[in-house]
Amino acid sequence: MKRMFVTVAAVLLGIGAVYAQQDVVNQRQTSMKENGKNIGGVLGAMAKGEKPYDQAAVDAAIAKLAENAKTMGTLFPENTKGLKADGKYSASPKIWENRADFDSHVASYTKAVNEVSAAGIKNLDALKAAVPTLGKQCSGCHETYRLKEG
Amino acid sequence: MMRRLSILAAIIIVAGFAVYWWLTMPVVVAASALPAHTPDLSNGKTAFNIGGCSSCHAVPNQPDRTRLGGGLPLTTPFGIFHVPNISPDVKDGIGGWSEAQFVTAVLEGVSPQGAHYFPAFPYASYHRAKLTDIRDMFAYIKTLPPVSGAAPAHEIAFPFNIRRNVGIWKLLFMERQPFAAVAGQSPQWNRGAYLVNTLGHCAECHSPRNALGGIVAAQRFAGGPNPEGKGWVPNITQKNLDDWSEKDIAYFLESGLLPDGDSAGGSMASVIKNTSQLSAEDRTAMAVYLKSLAPVEGPARPKSN
């Protein structure tokens, strides 16, 4: 009886752990998609001149980016290596093979976001300068550590 | 009779070999063929950036794009190419090269020793570039730091490892005509067409290739399997980019950001490092040209799982 209890508990824990890992992968995808929407859809669209400059929207987008940047480093635990996501992208196993380098990319992105957030963007010229800087941070890491399916 | 036949056979073999030798002769640009020229370093830097030299030749895993020590392995269906050192190092790089040797290498795909380079080096595109751009590029590369160390030899399987055969490849797939401006198109469009088709060598990855590694001309720019291995290179004709504005394309080349906020990844991230260094005018010119590409259906993409 005891043994059965332990076995069932272990199995449940195991299933729980798998769900938790998949959950981290989903959080990662959500966070990245939010970042993309804020950088491309909000800030990028204004920098390109497709949308009129809107200070409140700029502030909100940057606040969200800064908030997401805080947790980015935690969204790639070792136990999610090899887990696939629903989207067209997934995390490359290289993240866990070159962890220190990957972490330095995350730190560099976080630093760039925090600098923009601390300085604040007050006009279109500042926005035009900031967006490509952030964009380069995205591709800097995606170059090596993001896989495209198919 | 037997003796006559074998003599005939020998003559045919020798003649055949002579024809092969003649067909595959490397083209060399002589120093005497180069007119007087004062190098323009700023134009050389532009040519270097649009040429994407750093993407392959910069030392991997370090941030400095001007350290051209090579060493990056390129895994292709034909084997592994190890990118050579093109820094101005005299021993391991191109520090000892004459200008004519550099021009021959970039425009004709022929080494100072007179051997064909493999077309992993995109000279089939560079071939159509302006001579002055290549000479300026040489002058600019000479100002960069020398890096010592040579890359290992390429690991290419027979028969692709026979460099002389590349002469046949060149006859089949290398466009001989230098770039000519299209009358009736704006100077901006022509500048874009020049950058995209010659130094920018966009079609080298964004087109499907046949079994011999030649670009399928009818599907130029229509995407295909990644020549560097895994994945798929997108179609950049209006078949796929019809919802991108000129501004979107130019902005992507500057920032690496797609209209939907996604960012460039993989090899394209490295290309953006080059195109972000260009002038806004050049990026816009490329966008104007790319936006004008007629929609072309690319090869069928395998279903992702």
Matching residues in the range A:119-145 (within 14 Å of another protein chain (Cβ to nearest Cβ) and open to solvent by less than 40 Å² (accessible area, probe 1.4 Å)) number 12
Return only the number of the condition from (1) open to solvent by 30 Å² or more (accessible area, probe 1.4 Å); (2) in a loop (DSSP other than H, G, I, E, B) that B:Cys56 does not satisfy. (2)
Here is a list of conditions, (1) open to solvent by less than 50 Å² (accessible area, probe 1.4 Å); (2) over 16 Å from the mean Cα position of the chain (by Cα); (3) farther than 24 Å from B:Pro259 by Cα, and A:Gly73 meets all of them except one; can you say which number that is? (2)
Please find, among B:Ala105, B:Ala33, the residue that is open to solvent by less than 50 Å² (accessible area, probe 1.4 Å) and not assigned by TED's automatic domain parsing to the domain that holds B:Cys205. B:Ala105
Candidate set: the range A:29-62, residues that are in contact with an Asp or Glu (Cβ under 8 Å, 6 or more places away or on another chain) and more than 8 Å from chain B (Cβ to nearest Cβ); chosen: the one nearest to B:Gly265 (Cα to Cα): A:Gln29
Of all residues in the range B:189-214, how many are more than 21 Å from B:Gly44 (Cα to Cα) and open to solvent by 40 Å² or more (accessible area, probe 1.4 Å)? 5
Given (1) surrounded by 17 or more Cβ atoms within 10 Å (Cβ to Cβ); (2) at pLDDT below 95, where does B:Phe158 come up short, assuming only one miss? (1)
Please determine whether any residue of the range A:111-118 is open to solvent by 40 Å² or more (accessible area, probe 1.4 Å) and at the interface with chain B (Cβ under 10 Å from one of its Cβ atoms). no
Among the residues of the range B:223-241, how many are over 13 Å from the mean Cα position of the chain (by Cα), closer than 21 Å to A:Leu147 by Cα, touching a residue at least 24 places away in the same chain (Cβ under 8 Å) and part of a loop (DSSP other than H, G, I, E, B)? 8
Mind listing whichever residues of the range B:59-81 are open to solvent by less than 30 Å² (accessible area, probe 1.4 Å) and within 15 Å of A:Thr144 (Cα to Cα)? B:Leu74
Residues of the range A:43-81 being outside any helix (DSSP H, G or I) and in contact with a strand residue (DSSP E or B) (Cβ under 9 Å, 6 or more places away or on another chain), in sequence order, are A:Phe76, A:Lys81
What residue, among those in the range B:109-153 that are in contact with a strand residue (DSSP E or B) (Cβ under 9 Å, 6 or more places away or on another chain) and part of a helix (DSSP H, G or I), is surrounded by the most Cβ atoms within 10 Å (Cβ to Cβ)? B:Tyr123
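The values are calculated or read from the model by the stated rules, or taken from the named source; none is laboratory data. None of the values given here were measured: they were computed from a predicted structure. Here the Cβ is made from the backbone with ideal geometry for all residues, glycine too, and neighbour counts use every protein chain on show. Surface accessibility is based on the protein's heavy atoms, side chains included, excluding ligands, DNA and RNA. Shrake-Rupley method; radii C 1.70, N 1.55, O 1.52, S 1.80 Å.
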